[in-house]
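Engineer: Input: one structure, supplied below.
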Amino acid sequence: MSGLEIQVRSLGEIVGEANTSAEPQRLLPYAIDGRQPAMLAMPSNAEEIAEILKFCAAHRLAVVPAGAGTKLRMGATPERYDVALVTTRMDKIVAYDPGDLTISVEAGARLGDVMARLAENRQLLPLTVPFLHRASVGGTVASGVDSPLRQFYGTVRDFLMGVEFVTGDGIRAKSGGRVVKNVAGYDLHKLFIGSLGTLGVITRLNFKTFPVPEASGGFLASFSDASGALELLRKIRHSPLRPSALEILSPSLTDLLARRAAPADAPQDSGLPRTAWVVAADFGGSEAVLRRYVNEMETMAGAAGAIGSSLPAEGVRTALWEGIRETVPLLIEESPGATVIRASVLPSQMGELFSVAQRCGDRYELPVAMLARAAGVAYIAFLPRESNEGTTGRLAQAAAELADAAQAAQGFSFVAWCPAELKARTPLWGKERGDWALMRKVKQSFDPEAVMSPGRFIGGI
Amino acid sequence: MIDKAVLRELEKIVGRDNVLSAKEELQMYEYDGSVEIGRPDYVVFPADKEQVAAIARLSNRRGVPIVGRGAGTGLSGGALAREGGIQIVFSRMNRILSIDTENRLAVVQPGVVNLELSRAVADAGLHFAPDPSSQKSSTIGGNASENAGGPHTLAYGVTTNHVLGLEIVLPDGESVRIGGAAVDATGYDLPGLLVGSEGTIALIVEITVRLTPLPELVKTLLAVFGTADDATETVAALTSSGITPAACEMIDGWTIGIVESFIHAGLPADAGALLLIDVDGPREAAEGEAAAVAEIARRNRAREVRVARDASERETLWKARKNAFGAVGRVAPDCFVQDGVIPRTRLPDTLRRIAEIGRRHGFEIANIFHAGDGNLHPMICLDSRDPEQLKRAVETSNEIIALCVEVGGSITGEHGVGMEKDRLMPLLFSESDLDMMKRVRNAFNPLGLLNPGKIFPGGKSCGEIQVPALSAAPPPAAVGTGGLPGFSPK
């Protein structure tokens with residue numbers, strides 16, 4: 001028997017033979033940047049995960065955890081990749097207390113299923129994120145993707161109450177709890193948010209849930225340039241209004257979403273102008289509250305120089321926000337070399353970030369699409385029409401310039417999605433910062449044998 | 001124990017005037033707002049982060065523990081020098097370094113008082129949202145270290161939700177910036193780890209916080225109930241109705257009578273319980289929610305719902321809540337305040353069981369607490385000079401906390417673990433949970449010199465909750481700040 005066969009058999013003893021495999025066909029969905037793992041293990045509980053990780057740590061086998069595998073492309077290419085640890089069998093809602101507005105789910109539970117369950121009680125988890133209907137809850141948290149709803153509800157760190165996890169050396173542990181207020185012990189669970197599978201495997205997550213507002217509505221305004229759109233955002237941020245989502249779409253993104261939402265023969269159905277900067281707002285509350293939002297937003301849009309505004313009809317509104325939610329996957333489909341950079345800056349610096357992105361696009365002949373959230377986060381996509389040595393070089397330059405600009409504006413950047421060739425030649429998180437050394441200490445505490453997604457994260461972690 | 005060489009070095013770093021080492025000078029630093037005691041060997045008042053770093057290097061070289069301290073209002077002994085050593089008091093590092101109203105941020109030194117920041121930005125229509133009862137004196141550095149809460153954190157979140165970035169000093173004296181001014185700092189969420197770590201991971205020397213817009217309208221309601229059950233059922237109904245009040249506080253009947261007899265606020269002294277509820281937001285939203293809250297309270301048998309018509313009426317209503325604890329403190333020689341959390345659906349039955357526990361041990365238990373987030377503050381009134389009573393009070397307190405855990409809750413919602421609850425941690429956490437936390441602590445604080453003897457069980461004291469220290473605590477501190485975020489007795 002080969003070494004691999006022995007290892008697969010050992011994993012089979014832990015998870016059952018049917019739940020492990022070394023067949024290329026079954027491994028294919030878990031390939032990262034063209035690199036396939038040697039084997040697959042699908043545990044059914046945390047105990048099995050602990051056994052797997054102890055085994056892997058002992059044999060220095062590199063493990064990448066996955067749920068549905070929708071975001072495996074995020075981050076750097078792992079240096080080593082032996083085992084795909086797939087959590088899809090762990091898909092239960094463990095506890096749901098609608099009266100307390102709390103829910104506890106297994107890591108492999110599909111986010112869409114959880115949201116559907118909450119909707120039965122007119123509740124929600126403010127995680128309208130890319131790949132919503134396929135993504136697992138654990139993968140969503142570990143990848144650190146965000147939702148337009150953060151404008152009102154905050155990000156995962158604001159409503160994740162606790163996590164159970166297994167460390168890289170196979171220790172089962174937890175932090176936080178199941179109540180909405182709790183200061184007992186360290187908030188280790190916060191470290192898992194956006195950690196890209198480098199600390200361990202999340203097995204269970206406890207969230208606060210939120211009531212669905214009584215009614216909701218939307219508002220769209222279009223502008224001939226970014227500065228008008230930014231001015232409207234500023235006015236809304238400084239008004240008493242508290243929209244649930246507030247975003248700016250660049251003309252190329254507006255065009256992409258319009259094409260997706262409506263067939264070419266009936267473009268007016270999308271509710272979106274074809275080539276304009278668009279501010280999209282969504283808000284909830286009573287009818288009286290919604291009327292106030294609409295009135296004031298129209299006034300503010302006029303004062304900011306909008307060339308058009310509309311109240312999207314229900315169907316249009318739903319399609320629009322689904323499009324915005326799925327922007328990253330749509331952009332990736334648009335271009336063979338799609339490179340999506342997630343940058344955060346102070347809200348007042350967003351205009352400057354847009355300018356730098358546009359200048360990079362012009363200089364390096366890369367079409368640009370941008371989506372910015374009012375909180376100060378932007379997804380900037382460079383979309384070369386082809387992918388070759390030349391485009392990779394130009395993308396690397398554009399990414400580096402954008403990272404410098406974000407850093408200069410007291411912000412952060414991360415090349416979240418890009419072709420494998422680009423990962424090989426550009427630092428995805430920009431230049432080394434002083435706190436990376438501390439992050440290496442955190443990594444060492446959770447994963448002393450460095451078997452968890454080695455090399456996939458910031459600073460080579 | 002004082003080491004002359006250490007003292008000389010400290011004097012060299014911060015100047016002679018900024019070091020205390022005489023026994024009588026150290027005495028007031030033995031206490032905080034809790035019932036615990038811990039005596040430092042030296043108290044130092046650094047002027048800037050460079051001096052803090054120099055003190056850390058000294059500590060590291062000589063193996064002397066360091067404990068950070070803000071205003072000393074903490075309620076779990078977090079800022080006490082349990083194992084002696086150097087207490088760093090941040091009162092001189094009290095400058096607001098910058099305010100950015102456009103991006104709604106402030107950068108502050110750790111010694112800035114919570115309420116002072118809110119006052120400094122009020123003209124711009126902003127405030128710092130965490131509002132612990134101690135906010136008139138407690139510092140933002142202390143709030144961050146303990147992850148402080150308060151009544152309005154129900155809607156606005158606790159301190160960790162408002163900290164974007166920190167500058168920290170590690171035990172070896174190295175300064176590092178973590179997080180930042182922009183949201184979504186890349187990498188692991190180090191500010192999320194540091195906030196609430198109770199001074200055991202690093203010293204916080206600068207804090208970047210979010211500022212929150214003041215709401216356009218605040219409506220305050222006082223709902224009067226015949227029984228505590230009706231009030232707790234109202235809270236459960238509110239929670240599931242989709243309304244998130246800005247604050248939702250409960251005062252039980254026993255306490256109302258005492259409060260009314262002291263402050264004559266016109267409270268119905270025969271009521272079984274009161275709920276004090278703030279709703280806020282855009283005008284239409286707050287007005288709509290106020291009407292809905294009143295409706296839900298009435299449906300749950302509220303005898304009366306008063307709605308404040310203006311700011312002065314709002315203040316009057318909050319006065320009952322703010323004075324409740326002080327009033328209770330006047331009828332009993334000592335009060336022991338707990339800080340447990342439970343799921344909100346368990347409020348009615350848990351409060352009943354807490355009353356039963358009290359009765360069984362012969363105590364009347366006062367309940368004044370953050371009902372909206374299930375954060376209980378049961379108060380055991382006792383005369384701690386009676387050792388028998390004291391023993392029973394400890395048992396009662398332990399039973400209550402065990403009950404909170406049993407129904408799915410936590411041993412502390414906002415006061416912290418510190419040295420008060422380190423031995424209770426195993427109720428919530430397994431050995432491997434605690435080992436993981438220790439691994440992280442050891443990665444940052446390898447010699448264990450930062451705030452030793454806190455959070456983790458196995459500190460120097462053993463046995464039970466240290467109520468014996470209670471009678472030794474100065475009465476105004478033990479009662480006045482003894483554990484009820486949400487108001488500060490005047």
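The values are calculated or read from the model by the stated rules, or taken from the named source; none is laboratory data. This one's a predicted model, so the numbers in the text were calculated from it and none came from an experiment. Every residue, glycine among them, receives a Cβ derived from its backbone with ideal geometry; neighbour counts consider all protein chains shown.
Engineer: Within region A:357-364, does at least one residue satisfy the condition of being over 30 Å from B:ALA181 (Cα atoms) and of a type in the set (S, T, N, Q)?
Structural biologist: Within region A:357-364, none of the residues are over 30 Å from B:ALA181 (Cα atoms) and of a type in the set (S, T, N, Q).
Engineer: Something else: Looking only at residues in region B:353-378 that are part of a loop (DSSP other than H, G, I, E, B) and away from chain A (no Cβ under 14 Å), which one is farthest from B:GLY326 (Cα to Cα)?
Structural biologist: We begin by selecting, within region B:353-378, every residue part of a loop (DSSP other than H, G, I, E, B); these are B:362-364, B:374, B:377.
Now restrict to residues that are away from chain A (no Cβ under 14 Å): B:362-364.
Numbers: B:GLY362: 22, B:PHE363: 18, B:GLU364: 16 Å.
Looking at the filtered set, the residue picked out is B:GLY362.
Engineer: Only one of these is surrounded by fewer than 24 Cβ atoms within 10 Å (Cβ to Cβ) and more than 14 Å from chain A (Cβ to nearest Cβ): B:PHE225, B:PHE262. Name it. If you could, list the steps in order and put the result at the bottom.
Structural biologist: Working: B:PHE225 fails: surrounded by fewer than 24 Cβ atoms within 10 Å (Cβ to Cβ).
On inspection, the qualifying residue turns out to be B:PHE262.
Engineer: For region B:316-346, which residues satisfy the criterion of being touching a helix residue (DSSP H, G or I) at 6+ places or on another chain (Cβ under 6 Å), aliphatic (A, V, I, L, M) and modelled with pLDDT of 95 or more?
Structural biologist: B:ILE342
Engineer: Here is a list: B:GLU102, B:GLU116. Which entry is within 14 Å of chain A (Cβ to nearest Cβ) and either of a type in the set (Asp, Glu) or on the phi > 0 side of the Ramachandran plot (or both)? First the steps, then the outcome.
Structural biologist: Working: B:GLU116 fails: within 14 Å of chain A (Cβ to nearest Cβ).
None of the others qualify; the one that does is B:GLU102.
Engineer: Any residue at all in region B:246-253 that is within 9 Å of another protein chain (Cβ to nearest Cβ), among the charged types (D, E, K, R) and either out of contact with any Lys or Arg (no Cβ under 7 Å at 6 or more places or on another chain) or in a loop (DSSP other than H, G, I, E, B) (or both)? Give the derivation first.
Structural biologist: As a first pass, look at region B:246-253 and keep what is within 9 Å of another protein chain (Cβ to nearest Cβ): none.
Looking through region B:246-253, none of the residues is within 9 Å of another protein chain (Cβ to nearest Cβ), among the charged types (D, E, K, R) and either out of contact with any Lys or Arg (no Cβ under 7 Å at 6 or more places or on another chain) or in a loop (DSSP other than H, G, I, E, B) (or both).
Engineer: Among the candidates B:ALA181, B:ALA185, which residue alone is over 24 Å from B:LEU434 (Cα atoms), in contact (Cβ under 8 Å) with a residue 60 or more places away in the chain and either facing chain A (nearest Cβ under 8 Å) or of a type in the set (Phe, Trp, Tyr) (or both)? So that I can check it myself, show each step before the final result.
Structural biologist: Values: B:ALA185 fails: in contact (Cβ under 8 Å) with a residue 60 or more places away in the chain.
Only one candidate qualifies: B:ALA181.
Engineer: Among the residues of region A:176-185 satisfying the criterion of being at the interface with chain B (Cβ under 7 Å from one of its Cβ atoms) and free of Cβ contacts under 8 Å to residues at least 60 places away in the same chain, which is surrounded by the fewest Cβ atoms within 10 Å (Cβ to Cβ)?
Structural biologist: Within region A:176-185, the subset at the interface with chain B (Cβ under 7 Å from one of its Cβ atoms) is A:177-185.
Narrowing further to those that are free of Cβ contacts under 8 Å to residues at least 60 places away in the same chain: A:177, A:181-185.
Details: A:GLY177: 23, A:LYS181: 25, A:ASN182: 29, A:VAL183: 27, A:ALA184: 26, A:GLY185: 27.
Looking at residues that are at the interface with chain B (Cβ under 7 Å from one of its Cβ atoms) and free of Cβ contacts under 8 Å to residues at least 60 places away in the same chain, I get A:GLY177.
Engineer: Only one of (1) of a type in the set (A, V, I, L, M, F, W, C); (2) facing chain A (nearest Cβ under 10 Å); (3) assigned to a helix (DSSP H, G or I); (4) crowded, with 20+ Cβ neighbours inside 10 Å is not met by B:LEU238, so which one is it?
Structural biologist: Of the numbered conditions (1) of a type in the set (A, V, I, L, M, F, W, C); (2) facing chain A (nearest Cβ under 10 Å); (3) assigned to a helix (DSSP H, G or I); (4) crowded, with 20+ Cβ neighbours inside 10 Å, the odd one out for B:LEU238 is (2).
Engineer: Taking only pairs six or more apart or across chains, which ones have beta-carbon atoms under 6 Å, a first residue in region A:186-197 that is more than 7 Å from chain B (Cβ to nearest Cβ), and a second residue that is of a type in the set (A, V, I, L, M) and in a helix (DSSP H, G or I)?
Structural biologist: Matching pairs, first to second residue: A:GLY197/A:ALA142.
Engineer: Here is a follow-up. Out of the residues in region B:338-352 that are within 11 Å of another protein chain (Cβ to nearest Cβ) and not in a helix (DSSP H, G or I), state the one that is surrounded by the fewest Cβ atoms within 10 Å (Cβ to Cβ).
Structural biologist: B:PRO343
Engineer: Same structure, new question: Run B:ILE37 past the list (1) at pLDDT below 95; (2) surrounded by fewer than 17 Cβ atoms within 10 Å (Cβ to Cβ) and report the number of the one that doesn't hold.
Structural biologist: (2)
Engineer: Quick one: how many residues across region A:216-238 are closer than 25 Å to B:ARG104 by Cα, surrounded by 17 or more Cβ atoms within 10 Å (Cβ to Cβ) and within 14 Å of chain B (Cβ to nearest Cβ)?
Structural biologist: 7
Engineer: In addition: Right, A:ALA406: at pLDDT 95 or above and in contact with a Lys or Arg (Cβ under 7 Å, 6 or more places away or on another chain) or not? If you could, list the steps in order and put the result at the bottom.
Structural biologist: On the way: at pLDDT 95 or above: yes; in contact with a Lys or Arg (Cβ under 7 Å, 6 or more places away or on another chain): no.
Criteria not met by A:ALA406.
Engineer: I need a count of the residues in region B:290-305 that are farther than 16 Å from B:LEU217 by Cα and surrounded by fewer than 17 Cβ atoms within 10 Å (Cβ to Cβ).
Structural biologist: Selection size over region B:290-305: 6.
Engineer: Right, next: If A:PRO213 passes every condition in (1) at the interface with chain B (Cβ under 10 Å from one of its Cβ atoms); (2) closer than 25 Å to B:SER240 by Cβ; (3) crowded, with 21+ Cβ neighbours inside 10 Å; (4) not small (Gly, Ala, Ser) but one, which one does it miss?
Structural biologist: The single condition A:PRO213 does not satisfy is (3).
Engineer: Out of B:ALA53, B:ALA71, which single residue is under 30 Å from B:ALA181 (Cβ atoms) and in a helix (DSSP H, G or I)? Please lay out each step first, then the result.
Structural biologist: On the way: B:ALA71 fails: in a helix (DSSP H, G or I).
Of B:ALA53, B:ALA71, the one residue that is under 30 Å from B:ALA181 (Cβ atoms) and in a helix (DSSP H, G or I) is B:ALA53.
Engineer: Do we find that A:GLY67 is among the small types (Gly, Ala, Ser), touching a Gly at 6+ places or on another chain (Cβ under 9 Å) and closer than 16 Å to A:VAL156 by Cβ in this structure?
Structural biologist: On the way: among the small types (Gly, Ala, Ser): yes; touching a Gly at 6+ places or on another chain (Cβ under 9 Å): yes; closer than 16 Å to A:VAL156 by Cβ: yes.
So A:GLY67 fits the description; yes.
Engineer: Mind counting the residues in region A:423-461 that are more than 9 Å from chain B (Cβ to nearest Cβ) and part of a helix (DSSP H, G or I)?
Structural biologist: The number of residues fulfilling the criteria is 3.
Engineer: Follow-up question, since we're still on this one. Given the options B:SER59, B:SER76, name the one that is over 30 Å from A:LEU346 (Cβ atoms), of a type in the set (Gly, Ala, Ser) and within 14 Å of chain A (Cβ to nearest Cβ).
Structural biologist: Numbers: B:SER59 fails: within 14 Å of chain A (Cβ to nearest Cβ).
Only one candidate qualifies: B:SER76.
Engineer: Still on this structure: Name, by its number, the condition in (1) buried (at least 21 other Cβ atoms within 10 Å of the Cβ); (2) touching a residue at least 24 places away in the same chain (Cβ under 8 Å); (3) among the acidic types (Asp, Glu) that does not hold for B:GLU174.
Structural biologist: (1)
Engineer: While we're on this one: Got a number for residues in region A:103-114 being over 14 Å from A:LEU205 (Cα atoms) and out of contact with any Lys or Arg (no Cβ under 9 Å at 6 or more places or on another chain)?
Structural biologist: Going through region A:103-114, the residues over 14 Å from A:LEU205 (Cα atoms) turn out to be A:112-113.
Applying the additional criterion that residues be out of contact with any Lys or Arg (no Cβ under 9 Å at 6 or more places or on another chain) yields A:113.
Looking only at that region, the number is 1.
Engineer: What pairs come out if I take residues in region B:381-396 that are outside any loop (DSSP other than H, G, I, E, B) and pair them with residues that are hydroxyl-bearing (Ser, Thr, Tyr) whose C-beta lies under 6 Å away, six or more apart or interchain?
Structural biologist: B:LEU390/B:SER384
Engineer: Identify the residue in region A:322-380 that is basic (Lys, Arg) and more than 20 Å from the chain's Cα centre (by Cα) and, among all such residues, is nearest to A:SER250 (Cα to Cα). Reasoning before the result, please.
Structural biologist: Restricting attention to region A:322-380, the residues satisfying the condition of being basic (Lys, Arg) are A:325, A:342, A:359, A:363, A:373.
Still in the list and also more than 20 Å from the chain's Cα centre (by Cα): A:359, A:363.
Details: A:ARG359: 14, A:ARG363: 18 Å.
Once the filter is applied, the top-ranked residue is A:ARG359.
Engineer: I'd like to check something: does region B:77-100 contain any residue that is touching a residue at least 12 places away in the same chain (Cβ under 8 Å), outside any helix (DSSP H, G or I) and among the hydroxyl-bearing types (Ser, Thr, Tyr)?
Structural biologist: no
Engineer: A further question follows. Go through region B:147-157 and give me each residue that's more than 7 Å from chain A (Cβ to nearest Cβ) and not polar (S, T, N, Q).
Structural biologist: Restricting attention to region B:147-157, the residues satisfying the condition of being more than 7 Å from chain A (Cβ to nearest Cβ) are B:148, B:150-156.
If the condition is that a residue be more than 7 Å from chain A (Cβ to nearest Cβ) and not polar (S, T, N, Q), then B:ALA148, B:GLY150, B:PRO151, B:HIS152, B:LEU154, B:ALA155, B:TYR156 are the ones that fit.
Engineer: Could you tell me which numbered condition A:ALA406 fails, if it satisfies all but one of (1) touching a residue at least 24 places away in the same chain (Cβ under 8 Å); (2) over 22 Å from the mean Cα position of the chain (by Cα); (3) within 14 Å of chain B (Cβ to nearest Cβ)?
Structural biologist: (2) is the only condition that A:ALA406 fails.
Engineer: Across region A:79-99, what is the total count of residues that are without any contact (Cβ under 8 Å) to a residue 24 or more places away in the chain and of a type in the set (Asp, Glu)?
Structural biologist: Number satisfying all stated conditions: 1.
Engineer: Moving on to the next point. Would you mind telling me which numbered condition in (1) farther than 30 Å from A:GLU449 by Cα; (2) in contact (Cβ under 8 Å) with a residue 12 or more places away in the chain; (3) more than 9 Å from chain B (Cβ to nearest Cβ) A:ARG259 fails?
Structural biologist: Among (1) farther than 30 Å from A:GLU449 by Cα; (2) in contact (Cβ under 8 Å) with a residue 12 or more places away in the chain; (3) more than 9 Å from chain B (Cβ to nearest Cβ), A:ARG259 violates only (2).
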